[in-house]
Every structure is written in structure tokens, then in C-alpha cells.
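Engineer: Let me give you the structure first, and then I'll get to my questions.
Every number in this text was worked out from the coordinates using simple rules, so none of it is lab data. Since the model is a prediction, treat every value here as computed from it, not as a measurement. Every residue, glycine among them, receives a Cβ derived from its backbone with ideal geometry; neighbour counts consider all protein chains shown.
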Amino acid sequence: MANVVITGANRGIGLALAQQLAARGDRVTAVCRDSSDELEAVADQIVSGIDVTDENSVRGLQTILSEILDGDLDILINNAGVFRNESLQQLDTDSIRQQFEVNTIAPLTLAANLSPLMVAGSKLVNITSRMGSIADNGSGQYYGYRASKAALNAVSKSLALDLHPQGIAVAVLHPGFVQTRMVGFNGDVTPEQSAAGLIQRIDELNLANTGSFWHANGEALPW
Ligand SMILES: NC(=O)c1ccc[n+]([C@@H]2O[C@H](COP(=O)([O-])OP(=O)(O)OC[C@H]3O[C@@H](n4cnc5c(N)ncnc54)[C@H](OP(=O)(O)O)[C@@H]3O)[C@@H](O)[C@H]2O)c1
């Protein structure tokens with residue numbers, strides 16, 4: 001039984017991860033801005049009122065978790081994210097900045113503040129996107145989303161190196177094209193199918209394969 005902390009757990013992929021991890025007996029602590037009935041039904045503990053871009057909230061989260069977690073933090077899943085589109089013709093730089101705040105800087109500040117609660121054998125998982133792959137970009141646009149997820153990938157590689165001495169393994173995982181509100185519920189797979197694949201990848205993560213970029217289906221993705 002692992003102690004798992006998931007951000008953005010009130011809906012979408014984060015909720016499906018919370019449901020499946022709780023169902024197999026892991027102790028799920030959900031972090032969100034606002035909870036949901038579905039989350040209340042499964043999470044062991046819910047820390048609401050946390051905007052991941054608010055550094056004071058994230059610092060406070062370390063204190064809260066150190067008080068409420070029964071034992072060490074085994075798995076941190078940085079799942080909260082935002083997705084917008086900007087074309088060259090309609091470049092909304094505030095939107096781009098906001099995506100960097102949520103998709104890149106927040107996972108880094110969460111890792112910095114919560115890794116002291118982790119021990120050898122713990123795992124840090126950043127939910128990225130295939131759209132953050134530079135090698136895989138065949139259709140352009142989405143400046144803020146692509147760049148913020150590519151930056152998250154870069155951040156994750158450094159985290160894998162920096163946290164290795166503590167015995168913490170790090171992965172960046174693409175969930176697939178998933179039927180959630182983020183993509184208007186269009187997508188190839190359900191949140192449940194995505195979460196099942198992500199959990200398999202998390203189970204396989206260790207210090208020998210730390211710093212990897214995987215699709216939830218197990219495919220290694222190019223940076
Ligand atoms: N769906 C896909 O096809 C797809 C593909 C590739 C990658 N992803 C990634 O998968 C992750 C989950 O996405 P999803 O599809 O489940 O999207 P979603 O249903 O839109 O859920 C996004 C989650 O992020 C939370 N969030 C956003 N900004 C936040 C903030 N400032 N502070 C705290 N929480 C915040 C949302 O909370 P609120 O309810 O409070 O807004 C919500 O819980 C994201 O990182 C996304 O980039 C998704």
C-alpha cells in the first residue's frame with residue numbers, strides 16, 4: 001500500500017487515477033482547488049483550496065502533508081494542467097505565460113517542496129503531453145502548450161538526475177488523447193483506460209529507467 005498524492009484529482013485523468021489507485025488499496029491524498037462528489041467517494045484525504053501556481057499554497061502543502069500522511073510520500077503525481085491554443089495570428093502571451101505557470105513551474109515547485117517528504121524508492125511522475133515532444137511535432141501551433149510541456153520534460157530530466165542520490169525515480173508520462181473536459185471530451189481513450197496504462201508505467205518506474213518519457217501504452221517517446 002503506497003501513499004499517493006495526486007494534483008488535479010477532482011476530475012478527468014487525475015480522478016481516474018485516484019479511483020483506480022484507491023481501488024487497489026493505495027492511500028490516495030487528493031490535491032485540488034475544489035473537490036467533487038466523485039473524488040469524495042474515493043480519496044482517503046482531500047486537500048482542497050490549492051492552486052498549484054500559488055507558491056505559498058504549495059509551501060503550505062508540505063506542512064499539511066507532513067502532518068496528515070501516515071508515513072512517507074511514496075508517489076507524487078503532478079497531473080494538474082491547462083491546454084490552450086495560440087496561433088501566430090492570435091498570439092495571446094498571457095495565455096502562454098499561464099500555461100508555463102501551471103504546466104512547468106508548478107510541477108517543479110511541487111517537486112522541490114514535496115521531495116523532502118519522499119525516501120529511497122519513492123516515485124515522482126509528471127503528466128506531460130506528446131505535444132511537448134519537439135521531435136514529434138508535425139502540425140505546429142499550440143505555442144504555449146507545446147513549449148510548457150517541452151519545458152516540463154526538460155525540468156523532469158533534471159529532477160531525475162538531482163533526485164537520484166535520494167533514491168527517487170522520475171518519469172514524464174503522456175496519458176494518450178483522453179476524453180476529458182480539456183479536449184471537449186473528444187479523444188481516443190477514456191480516462192479509465194488512460195489511468196490503467198499510467199499506473200502500469202508508474203509500477204515499472206525505478207532508478208534504472210528514471211528520466212524516461214513514456215506513452216501510457218508503454219511506447220518510449222522521443223524528446
Ligand atoms: N486529455 C488529454 O487528451 C491529454 C493529453 C495529453 C496530456 N494531458 C495532460 O493530462 C493532465 C490532466 O488533464 P485532463 O485531460 O484530465 O484535463 P482536465 O479534465 O481539464 O483536468 C485538469 C485538472 O487540472 C486542474 N488544474 C488546472 N489548473 C490548476 C491550477 N492552477 N491549480 C490546481 N489545479 C489546476 C483542474 O482543476 P479545476 O477543476 O480546479 O480546474 C483539473 O483538476 C494535464 O496535465 C494535461 O495537460 C491530457
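Engineer: Kindly provide the set of residues from segment 176-189 that are under 21 Å from residue 133 (Cα atoms) and either among the aromatic types (Phe, Trp, Tyr) or more than 10 Å from the ligand (Cβ to nearest atom) (or both), ordered by number.
Structural biologist: Result: 177, single match.
Engineer: Quick test of your reading of the structure: residue 181 fulfils all but one of (1) surrounded by 15 or more Cβ atoms within 10 Å (Cβ to Cβ); (2) more than 24 Å from residue 26 (Cβ to Cβ); (3) of a type in the set (Lys, Arg). Name the failing condition by number.
Structural biologist: That leaves (1) as the condition not met.
Engineer: List the number of the failed condition for residue 11; all other conditions in (1) away from the ligand (no atom under 11 Å from the Cβ); (2) under 15 Å from the mean Cα position of the chain (by Cα); (3) under 30 Å from residue 140 (Cα atoms) hold.
Structural biologist: Single failed check for residue 11: (1).
Engineer: Scan segment 168-180 for residues that are at negative phi and either assigned to a loop (DSSP other than H, G, I, E, B) or of a type in the set (Asp, Glu) (or both) and jot them down.
Structural biologist: 168, 175, 177, 179, 180
Engineer: Tell me yes or no: at least one residue of segment 138-160 is in contact (Cβ under 8 Å) with a residue 12 or more places away in the chain, farther than 30 Å from residue 94 by Cβ, more than 10 Å from the ligand (Cβ to nearest atom) and within 16 Å of the chain's Cα centre (by Cα).
Structural biologist: Yes, segment 138-160 contains a residue that is in contact (Cβ under 8 Å) with a residue 12 or more places away in the chain, farther than 30 Å from residue 94 by Cβ, more than 10 Å from the ligand (Cβ to nearest atom) and within 16 Å of the chain's Cα centre (by Cα).
Engineer: So which helices (runs of 4 or more DSSP H) stay within segment 18-136 end to end and still have 2 or more residues that are away from the ligand (no atom under 16 Å from the Cβ) and either farther than 29 Å from residue 150 by Cβ or in contact (Cβ under 8 Å) with a residue 24 or more places away in the chain (or both)?
Structural biologist: Because the criterion is at least 2 residues that are away from the ligand (no atom under 16 Å from the Cβ) and either farther than 29 Å from residue 150 by Cβ or in contact (Cβ under 8 Å) with a residue 24 or more places away in the chain (or both), the helices (runs of 4 or more DSSP H) in segment 18-136 that meet it are 55-68.
Engineer: It is to be established whether one or more residues within segment 187-195 are within 16 Å of residue 122 (Cα to Cα), in contact with a strand residue (DSSP E or B) (Cβ under 9 Å, 6 or more places away or on another chain) and of a type in the set (A, V, I, L, M, F, W, C).
Structural biologist: No.
Engineer: Considering (1) under 17 Å from the mean Cα position of the chain (by Cα); (2) closer than 25 Å to residue 129 by Cβ, say which one residue 38 fails and leave the rest.
Structural biologist: (1)
Engineer: So is residue 6 within 16 Å of the ligand (Cβ to nearest atom) and in contact with a Leu (Cβ under 6 Å, 6 or more places away or on another chain) or not?
Structural biologist: Here the answer is yes, as residue 6 does meet what is asked.
Engineer: To continue, here is another question. Looking only at segment 147-167, which residues are over 11 Å from residue 111 (Cα atoms) and surrounded by 23 or more Cβ atoms within 10 Å (Cβ to Cβ)?
Structural biologist: Hits for segment 147-167 are 148, 149, 152.
Engineer: Could you tell me whether any residue of segment 16-39 is surrounded by fewer than 18 Cβ atoms within 10 Å (Cβ to Cβ) and in contact with a Cys (Cβ under 7 Å, 6 or more places away or on another chain)?
Structural biologist: There is no residue in segment 16-39 that is surrounded by fewer than 18 Cβ atoms within 10 Å (Cβ to Cβ) and in contact with a Cys (Cβ under 7 Å, 6 or more places away or on another chain).
Engineer: With the requirement that a residue be in contact (Cβ under 8 Å) with a residue 24 or more places away in the chain and part of a helix (DSSP H, G or I), what does segment 181-218 give you?
Structural biologist: Matches in segment 181-218: 181, 182, 183, 191, 192, 194, 195, 196, 198, 199, 201, 202.
Engineer: Return yes when residue 173 is within 20 Å of residue 117 (Cα to Cα) and either crowded, with 18+ Cβ neighbours inside 10 Å or more than 14 Å from the ligand (Cβ to nearest atom) (or both) and no when it is not.
Structural biologist: No, not satisfied.
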